[in-house]
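First up is the structure itself, then whatever we jot down about it.
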Amino acid sequence: MTNLFSVFDPSSSILGLSLNWTSTFLGLLILPLSFWLLPSRYYYIWTFVSTTLHKEFSTLLGPTGKVGSTFLFISLFSMVMFNNFLGLFPYIFTSSSHLSFTLALALPLWLSFMVYGWINHTQHMFAHLVPQGTPPVLMPFMVCIETISNVIRPGTLAVRLAANMIAGHLLMTLLGNTGPSLALSLVSFLIIGQIALLLLESAVAIIQSYVFAVLSTLYSSEVN
């Protein structure tokens with residue numbers, strides 16, 4: 001019996017070149033041409049979503065946020081959401097379920113925030129290590145705790161997204177594999193359950209991309 005998690009391993013390749021990661025950019029091919037050329041319904045929907053996200057990210061960044069920085073996080077939200085949704089299609093590699101993808105997004109973002117903050121706002125970054133109102137006796141411990149919580153941020157960002165993507169897909173795979181052994185009367189219940197899980201995974205795909213973008217925005221707002 002093979003490992004259950006092996007269904008998430010990259011397997012398609014030509015001449016040793018892995019083709020699974022091409023699904024990361026597949027979302028651009030799915031969008032209709034009218035989305036780019038004409039003010040279609042897709043355009044209006046996406047404009048509404050982008051405007052809403054822009055307002056929310058601007059609020060999170062506060063008045064000290066750089067002009068135009070919200071577009072970075074809107075693009076991040078879009079990329080993660082497209083990849084989450086593409087993973088729901090059969091035989092398409094879910095790139096957002098791998099740490100090599102999620103860490104490649106979270107680690108450079110967090111590192112750039114830290115470098116910018118420590119170079120330009122050193123005193124502000126030191127002040128963040130000791131929360132306001134901390135007793136002098138607990139200050140050394142608070143510095144250690146705050147430092148550890150800051151260092152593990154990119155890891156928690158990456159693991160949260162990958163784990164949520166794997167969990168739902170794994171449950172759907174387990175239920176789907178029981179189909180051939182079930183009685184015909186129970187197959188209809190299995191199909192209804194799979195459809196319900198698919199709807200749940202669609203919601204998770206949006207929520208997790210939103211959480212990823214919002215947490216990245218909050219981390220960047222702390223260095224200003």
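Remarks
- Put simply, when 121-131, 151-161 are sorted by average Cβ atoms within 10 angstrom per residue, most first, you get 151-161, 121-131.
- Pairwise label distance in nanometres, Phe25 with Ile152, each label 7 Å out on the Cα-Cβ vector: 3.6
- Length gained on full extension, Leu138 to Lys55, computed as 0.36 nm times the residue gap minus the Cα-Cα distance: 26.0 nm.
- The alpha carbon centroids of the stretch 158-181 and the stretch 100-157 are separated by 33 Å.
- 0 to 90° range, to nearest 10: angle between helix 139-151 axis and the chain longest Cα axis: 40
- Dipole of the stretch 4-221 [Lys/Arg +1, Asp/Glu -1 at C-beta], most positive-end residue of Met79, Thr156, Thr52: Thr52
- Listed residues Glu56, Glu146, Glu201, most fluctuating in the chain (Gaussian network, C-alpha, under 10 Å): Glu146
- Mean silhouette area of the chain, derived from the convex hull of its C-alpha atoms and averaged over all directions, reads 18.5 nm².
- Note on the stretch 107-224: Kirkwood radius taken over Cα pairs, Stokes-Einstein applied at 4 °C and 1.567 mPa s, translational D equal to 73 µm² s⁻¹.
- Percentage relative contact order, the stretch 4-221, counting C-alpha pairs under 8 Å, at least six apart: 29
- Neighbour-limited loop hits for chymotrypsin sites (Phe, Trp or Tyr not before Pro), the stretch 57-119 (at most 16 other Cβ within 10 Å; DSSP other than H, G, I, E, B): Tyr91
- At R0 = 22 Å, FRET efficiency that the Cβ-Cβ distance of Trp118 and Arg160 yields, to 0.05: 0.30
- Spin-label pair Leu174/Ser100, simplified geometry with 7 Å Cα→Cβ offset, distance in nm: 2.6
No lab work stands behind these numbers, since they all come straight from the coordinates. Predicted model, so just to flag it, every value in this text is computed and none were measured. Cβ: placed from backbone, ideal geometry, glycine included. Neighbour counts: every protein chain shown.
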